[in-house]
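This report concerns only the one structure given below.
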Amino acid sequence: MVFESLVADLLNRFLGDYVENLDSSQLSIGIWGERYSVTGKGAKKDVAYDSRNSNQYLDVMEFLEGLERMGRSALYQKFHPGAGVPIKGNAKKYWHFAMNSIMEDVRRRLRQKSWMHIADHRKRVKAYQAAYKKKLLAKKVSKELQTELDGCEKSLDVLNITLARQQARTEVTREEAKNENKGGWLSGWWGGGKKEEKAAKGTTEEIAEKFGEAMTPEEKAKLFDAIGYSENQVDTTLPQEFVAMQLKFHLKNLSVSLKEPTRKSPQIVKLAFTDAVANVDQRPSAEAIKVDASIASMAVYGVPAGDSVPHLVTTQTDGAGGGVAANLLSVMFETNPLDKQCDQRVKLLARPLEIVYNAATINQVADFFKPPESVHLSQLQAAAASKLDELKEMSATGLQHAVEHHKYMDLNIDIQPSYVIVPENGVYSDSAHLLVLDLGALTMRSVKDKRPMLPRVGSTEKEVMDDLKSRSYDKFDIALQRVQVMFAEPGDDWKVARGEADSSLQLLKPFDLNVQLHKGLIVDDPRLPKVRVLSELPNLAISVSDHKLQQIARLAASIPTPEPAAAPPAEAVVPDAVAVDDGDAERIARRAAAVAAAAKKKQEGPAEQLTDIELRFELRRFAVSVCRRVETHDVGIVAIAVEGVVVEAAVRTYEMRVGARVGGVSVRHLQFNGADGAPVALVGTPAAGRDDVDLVSATYVRANRAGPEFATTYGNAEQAVAVTFSRLDVTMHRGALLHLMQFGKDFGEKMAAAVPSKPEVAAPPPPDDAGAPKPIVAAASRTTLAAVPLSEERRRRLEEIIELQLEARLGSIAVSLCDDDGAVAALTLSGLHAGVTMRRESIAVAASLRDVVVADPTPGAAHPRIISTVGGEELLSAHVRQYARATDGDAYADMDAADLVVELSVAQLRVVVLARFLGDVAAFAAAFQSEAAQRAIADAGAAAAESAAEAATNLQIRARSRRSLPTSDA
């Protein structure tokens, strides 16, 4: 126990502010034979845990800010007057310090862009390369040579020093190889004996070392393959199931706490784990390793409220059997398993969690990690972003290596459904309204192709190629099951409703999502996408009512949110000349080589387009049910259904293509029935249910100008949008529409009463320099670019490029006006086409309409067609072209030039005026006008009638007066 006591004493001494109650009885370290074991034993009463308070966090943040300030001040320390020079009485010196610090960055930028500096820099690099080459060739470095190297290294950065050294080593290696192969007939007489004598004296190790240095890695691989040797050859005398090393780790209890020492109850949040176990087995003969890790349970406790402590996260133990993992989390990773069914095996099993939102805890955690207002770690954020870019680059490189050295992975992930509870006021209680989000069960499994590799006898070439294409992917099946959203009022048993297929508490009905992920093994074949994602959602149903929406709005408004953080100040200008450490030289060189290779590849361009990713999403049916609360029950009002939604997308080398289509749409009012006795269909699709006809289909294509087929395949169009609409029937039932308008009005009033409006916060006064003019850099840049003259050929190429091409087609749309007594009028539009072409200097719009029919559906009507086209010609055809600079300069005097050209052609229409028909339509429209509008129309009509009567009376009076006047004799 002496060693354990020493370790515990050191941990308590140096980590006393973070680790509490650690003694030697909780630590057991043992090493014996070829077995290693590290076991942490939790005490019964005092458990070791990591405890951090806000003061510690603020100290760390201020320490990091201090380091950042020191790094910035080091760049300008050479201009500082000195630590012993006070500010008072030395204003001139400190003003010079400020000016020199600001101008240092300006001078450096100007100096770097001067040709004299570039030439001097090249001379210094070449001088350093030559001096370092002499150092490699010399047996002893002279003092003058070392002085020259030190002087060059002081003026050069790490990147240029590294590149120059690599170039010098390459030249030395090339010269040595050339000298070894060079030799004449005299060398055999005068030097041959010495070489033979030197070779005879050489030991076996020296010969092997020289032999290895002379061979390239490719030659070594061929030689080792020929003689059956491997540098990493394992001992095959041991059985593959033999375990040479075993490591076991067991931590019984671990808790991490955040505390605020100034409060009466200092605890903010506490995270506790129990029984964390890890086992590692290594089998050398099979080059295999197996890692098993598990956590028994996890709990998160929030801010204490009186005598109770809220549970934010709790491990669910219901139904632990039946194939569900006994532990909260179990992870197993194994390479080269004994059953030889795969190269790697990964298993992850997780039990469900109950997550309860607690507003007080979340807000205090946000305040805990809020940095002080005086701390702004911009340099640390920039370093983190740089490391993230490096991680992305390394991840891409690792992915490419995994593709080239493909191994089959047996993946099995099973995460049981956890759920999140959002209570009213942010505090969970039995009397609170609850919003429950069931995250569903997630499973992910790899799919292994068990078909024989050899094709069947008699297979065609196409069948063989299709089979090879299907084998060229690593396939994974991802399933998300029973995702749902529920809203429960006090007294509702939402736990029982969570397991039901259809319940009145469910806002979002349980749905399943199936995803197939295909990762390509061949990345340079234009016929095979690199990644394919195929997803299917069979059914998505939403059921809402006015009462539930009001309660949800009230619940959302009752949850307190943390105060918004203050806006960070303007970032200081940090010069680019930041010192580069030696560890970054290799990374910079690697990224520079990657950028150069990417630029070369972009310049050459692939011969054919490669498909980076291919996506497909299908939603078979989407349904929305809107209900209204009547007493204690919800009564359905409107049912909306969308069928056959398919979205497809593909990203290729020179294009991005997205296609979407909708099979059918229906909107039914459940409180009104049609002539057939079924609920009246406000919106319907006659072609619904047919696979060959879609209601709407849209395609979006974005092409790259640099593509070799930009002018031919894409017609010089950068963006192209095509929309096709087949047929849609709209029924405007007067009673149903009035009912919906009244429902919307009532719902708006209830929502306004349920969610009180928050008082407006006065905006802070603008700063003193708010009215100062700001430099318009962007506008000046655009003006300068526009003023740059273009060559005639470039201008012609730019004018040929189409920035946006839009085309829309409508087969037909039928609108019917009706009420409970029957149909009032019918309108049909057919053959509508619209196109827009936008170029750099012009916009062209073309539109056409084939036919318009307004019909009187009254049985036995003498004139069933009120409005119709005569002669069967196209009813309307319009072309509008607008030019940007058609009349600029000398073209203003050209009478044939125009800024706007409009061409319009209208066919002959036949219109029948029927007083009864117009009266019926006017009566139908009058029902939708508000009382104020109807009163205004009535007042206006009365006023107009009174004015007309008055005018008629005045005319009659004037006529009588004229007749009563005496006539004069001639």
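The values are calculated or read from the model by the stated rules, or taken from the named source; none is laboratory data. What you are looking at is a predicted structure, and each value in this text was computed from that prediction instead of being measured. Positions of Cβ are backbone-derived with ideal geometry, glycine not excepted, and every protein chain shown enters the neighbour counts. When the accessible area is computed, the model is the full protein with side chains, heavy atoms only, and any ligands, DNA or RNA have been set aside. Shrake-Rupley method; radii C 1.70, N 1.55, O 1.52, S 1.80 Å.
Values as computed for the structure displayed
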{"quantity": "Furthest towards positive pole of dipole, Met332, Tyr357, Val309, structure part the range 278-363, Cβ charges", "calculated": "Met332"}
{"quantity": "Solvent accessible area, Å² - Ser114, 1.4 Å probe, full protein context", "calculated": "40"}
{"quantity": "Peptide ranges 433-443, 909-919 listed from the most packed, as the mean C-beta count within 10 angstrom indicates", "calculated": "433-443, 909-919"}
{"quantity": "Set Lys78/Lys113; Lys222/Lys462; Lys340/Lys469; Lys220/Lys469; Lys290/Lys370 screened for pairs whose C-alpha atoms are more than 30 Å apart", "calculated": "Lys222/Lys462; Lys220/Lys469; Lys290/Lys370"}
{"quantity": "Point-to-point label distance, Ser142-Val624, nm (Cα→Cβ direction, 7 Å offset)", "calculated": "8.7"}
{"quantity": "Relative packing of 300-306, 816-822, which averages over residues the other C-beta atoms within 10 Å, highest first", "calculated": "300-306, 816-822"}
{"quantity": "Rounded if a/c under 1.5, otherwise prolate or oblate - the range 105-156, Cα gyration tensor axes", "calculated": "prolate"}
{"quantity": "Positive-end residue, the range 468-523 charge dipole about Cα centroid, Cβ charges, pick of Gln506, Val483, Gly520", "calculated": "Gly520"}
{"quantity": "Contour minus Cα-Cα distance for Lys750 and His863 (0.36 nm per residue)", "calculated": "35.9 nm"}
{"quantity": "Inter-probe distance in nm under a simple model that places probes 7 Å from Cα toward Cβ, at Phe249 and Ala91", "calculated": "6.3"}
{"quantity": "Cα radius of gyration and Dmax for the range 246-295 (Å)", "calculated": "18.2, 60"}
{"quantity": "Dipole moment magnitude, nearest 20 debye, the range 524-566 about Cα centre, only Lys, Arg, Asp, Glu C-beta charged", "calculated": "80"}
{"quantity": "Ordering of 98-108, 244-254 by burial proxy (mean other Cβ atoms within 10 Å per residue, highest first)", "calculated": "244-254, 98-108"}
{"quantity": "Förster-model FRET efficiency, 41 Å R0, Gln908 and Phe743, C-beta, rounded to 0.05", "calculated": "0.40"}
{"quantity": "Residue-wise HN-Hα coupling along the range 675-681, computed from phi with Karplus coefficients 6.51, -1.76, 1.60 (Hz; x: Gly, Pro)", "calculated": "5, 8, x, 8, x, 5, 8"}
{"quantity": "Histogram of C-alpha separations across the range 820-887, 10 Å bin width, %", "calculated": "17, 30, 22, 16, 10, 4, 0"}
{"quantity": "Using a Förster distance of 30 Å, the FRET efficiency for Gln341-Leu615 (Cβ separation, nearest 0.05)", "calculated": "0.45"}
{"quantity": "At R0 = 60 Å, FRET efficiency that the Cβ-Cβ distance of Glu153 and Glu631 yields, to 0.05", "calculated": "0.10"}
{"quantity": "Accessible-area order (highest first, 1.4 angstrom probe) of the listed residues Lys259, Lys154", "calculated": "Lys154, Lys259"}
{"quantity": "Listed residues Lys178, Lys475 arranged by accessible area, highest first, probe 1.4 Å", "calculated": "Lys178, Lys475"}
{"quantity": "Heavy-atom SASA rank of Trp494, Trp95, Trp115 (probe 1.4 Å, accessible area, largest first)", "calculated": "Trp115, Trp95, Trp494"}
